[in-house]
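S.K.: Just passing along the structure, written as structure tokens.
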Amino acid sequence: MSEAITGNPDIINDDPNVTKWGDRKTIDDYTAVPAWAANATRYEWSDDFGDVGPEDEELEKMLFQAEDKMEVGDQLEKLTDIKVNLESEIAIEPVVRFDDAGLHPTVLENVKRCGFKIPTPIQAYCLPAVLKNLDVIGIAQTGSGKTAAYLIPTISKLMGKAKKLCGPRPDVTNPEFDLRTHGVRAEPLILVVVPTRELATQIFDEARRLCYRSMLRPCVIYGGAPTVEQMGQLRKGCDVLIATPGRLLDFLERGSLLSLSRVKYTIVDEADEMVDSDWDREMEVIMGGADSSTDSDHVYLLFSATFNKEARLLAKKYMSTDHVRVRVGRAGSTHGNVVQKVVFVDPHKKRDALWDLLMGMPPARTIIFTNRKQEADLIDDFLWNKGLPSTSIHSDRTQREREDAIRAFKLGKAPILITTSVAARGLDLKHTLHIINYDFPRDINEYVHRIGRTARIGNIGLATTFYNDKDEGQAEDLVKLMLETGQEIPDFLEGYKPSGGLDFQDNSDEEATAGAAEGDAWGTGAAAGEDAAW
């Protein structure tokens, strides 16, 4: 069998839940988990608690010892070696240890429970910037810890102040609590807006962990799931709200249900995706309209791995002129923990190549990306009929089907997930060791996001991409991206190697308004007016 097709099996680690491809399991038994992700158990505050609530051994095990919780890998140094560019009018000293970040003790305990050992570069700069109440643009590679970079400092800033800042809320632990009579209007202090449902529920899980033993109550709202249950969770009180745009606007229009009047932190994750013209109205309301907070201490945070012109315009319109901009590496780049393989495959031989690839490597949780929903279904049927434990998600699937598929993948019951770009951004799925681009992505930024589903926060992974003549238009960008991280260039792409240096069309620095500085992950970038590196 061709080595090009089989890739590099040496980096596929043992996964205790994936033994052999033919070991198919039913994926419809979820009696041990909530029916909907929005109903997941969270720490519920009692009026009898003091400043910090007591430990809950059962919940703690669920939150911090879950089998599918992403863990920091042993290759974290490949992320910390990447140069960091900082633009700030205010000196920002990066934190080397979480212990030195000035975090609230409860948050610091939760950070350690999560298994975070040292801050990643994006966290090292964002934590002190947010703790100074500065607006932040954070640009870093996929899998570099951006979610924790904004959740840790914002939750820490509110810890201990929630009783003063939050709106009226019921004691849901009181045996006499009745949602119909004691329910309140949700008035979150932190708002996180994301483009996809899967990313929303994942960030919600992280918020549940970081809010443990505090009165800060996280909630998530997203389309496709019943509104009644999500509304019920909001009426129990909400301090940290993670939302997709459509469902957020729908609930905002019900004035007695949700208000943004108390929001202190507005966070847009995957910001370049959120500025799509289809979401103009939603972003206007989220960033500057409706009853959004107009307090002088309102902080805006924008995060992404890629940052296009539209995202820069959004920042310019709403963020303060002295905002901090942290860029880890080059905007739109990836990192060396992803081993990238590109294989030339004729379009009519793709299925055979996919079969050879799967059979030629040890079983491992694998995500297969296609460009079309119909193709995802066809590949799922093809693999299932061949006896492989596969499942699929795309935008035509019901939310129930999407959540069941993700859960089956996480639990190892269906370790092969076929999907469109609906799962290309932000998802942290433990033990995802192989990404297969069955179809070459429509643009190079999407390629970066897709392969970023593996090799998360210091882990390693493999990305195999099928390529043919119709993908020639992106060959030059692909080769430069691979050269940037020292990947092996196949013979059929040799002719696309640049004759000079790696000249990337990186426009993320346009319209910069603040002083610039550069250093390694732990260096002290120069503040404005000092000897900056660029």
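S.K.: Do you know which residues across the range 393-409 are surrounded by fewer than 22 Cβ atoms within 10 Å (Cβ to Cβ) and among the charged types (D, E, K, R)?
M.R.: Asp396, Arg397, Arg400, Glu401, Asp404, Arg407
S.K.: Now, a different point. Of the residues Ser320, Ser392, which single one is small (Gly, Ala, Ser) and under 21 Å from the mean Cα position of the chain (by Cα)?
M.R.: Details: Ser320 fails: under 21 Å from the mean Cα position of the chain (by Cα).
Exactly one of Ser320, Ser392 is small (Gly, Ala, Ser) and under 21 Å from the mean Cα position of the chain (by Cα), namely Ser392.
S.K.: Could you grab me the full set of residues in the range 100-133 that are outside any helix (DSSP H, G or I) and out of contact with any helix residue (DSSP H, G or I) (no Cβ under 9 Å at 6 or more places or on another chain)?
M.R.: Lys132 - this is the single residue of the range 100-133 that is outside any helix (DSSP H, G or I) and out of contact with any helix residue (DSSP H, G or I) (no Cβ under 9 Å at 6 or more places or on another chain).
S.K.: Shifting gears a bit: Suppose the filter is under 19 Å from the mean Cα position of the chain (by Cα) and modelled with pLDDT of 95 or more; does Leu234 pass it?
M.R.: No; evaluated as a whole, the condition is false for this residue.
S.K.: If you take the residues in the range 237-262 that are assigned to a helix (DSSP H, G or I) and farther than 16 Å from Ile203 by Cβ, which one is nearest to the chain's Cα centre (by Cα)?
M.R.: Taking the candidates together, the pick is Gly246.
S.K.: When you scan the range 350-392, how many residues do you find that are free of Cβ contacts under 8 Å to residues at least 40 places away in the same chain and either surrounded by 20 or more Cβ atoms within 10 Å (Cβ to Cβ) or not in a helix (DSSP H, G or I) (or both)?
M.R.: Number of matching residues: 5.
S.K.: Would you say Lys164 is assigned to a helix (DSSP H, G or I) and not aliphatic (A, V, I, L, M)?
M.R.: Yes, satisfied.
S.K.: Taking the condition modelled with pLDDT under 85, assigned by TED's automatic domain parsing to the domain that holds Thr464 and not in a strand (DSSP E or B), does Gly426 pass?
M.R.: yes
The values are calculated or read from the model by the stated rules, or taken from the named source; none is laboratory data. Everything quoted here is computed from the prediction, not taken from an experiment. With ideal geometry, Cβ positions are generated from the backbone for all residues, glycine too; neighbour counts draw on all protein chains shown.
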